[in-house]
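Comments concern the structure below.
The values are calculated or read from the model by the stated rules, or taken from the named source; none is laboratory data. Nothing here was measured: the structure is a model prediction, and the numbers come from that model. Note: ideal-geometry Cβ built from the backbone for every residue, glycine included; neighbour counts use all protein chains shown. When the accessible area is computed, the model is the full protein with side chains, heavy atoms only, and any ligands, DNA or RNA have been set aside. Shrake-Rupley method; radii C 1.70, N 1.55, O 1.52, S 1.80 Å.
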Amino acid sequence: NLKADFLQVGHHGNNNFDEAFYRTVSPRFTFFCAPDWLMENKRNETWYTVKENRALLEKLGAKTFWYNTSPNILEFK
């Protein structure tokens with residue numbers, strides 16, 4: 001079992017890991033680097049999964065941080 005306090009989601013959080021992975025890792029904090037159009041999916045593209053992944057992670061108790069700029073550097077002190 002792999003647990004993590006922090007998770008940088010891969011591929012902007014879109015079409016990457018399944019629910020079982022997120023439940024197993026069960027992070028406390030998640031980081032999404034994605035443009036607004038992908039995070040918000042206002043065109044309702046059916047193959048964008050960021051919104052669902054974000055909702056699942058928040059339901060699991062993770063605090064979500066979202067950056068729509070790139071590149072980003074996270075520094076923990």
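Some notes on this structure:
- Qualifying residue in the range 36-45 (condition: surrounded by 14 or more Cβ atoms within 10 Å (Cβ to Cβ), aromatic (Phe, Trp, Tyr) and either outside any loop (DSSP other than H, G, I, E, B) or on the phi < 0 side of the Ramachandran plot (or both)): no
- In the range 1-33, the qualifying residues are those that are touching a helix residue (DSSP H, G or I) at 6+ places or on another chain (Cβ under 8 Å) and among the charged types (D, E, K, R), and the one that is surrounded by the fewest Cβ atoms within 10 Å (Cβ to Cβ) is LYS3.
- Pairs, first touching a residue at least 40 places away in the same chain (Cβ under 8 Å) in the range 12-32, second open to solvent by less than 80 Å² (accessible area, probe 1.4 Å) and assigned to a loop (DSSP other than H, G, I, E, B), C-beta under 9 Å, six or more apart: GLY13/ALA34; GLY13/THR49; PHE31/VAL9; PHE31/ASN72; PHE31/LEU74
- GLU75 vs. criteria exposed (fewer than 11 other Cβ atoms within 10 Å of the Cβ) and not basic (Lys, Arg): yes
- In summary, VAL25 fulfils each of the numbered conditions (1) modelled with pLDDT under 85; (2) at negative phi with the single exception of condition (1).
- Residue list for the range 1-60, restricted to those being among the charged types (D, E, K, R) and in contact with a strand residue (DSSP E or B) (Cβ under 8 Å, 6 or more places away or on another chain): ASP5, ARG28, ARG54, GLU58
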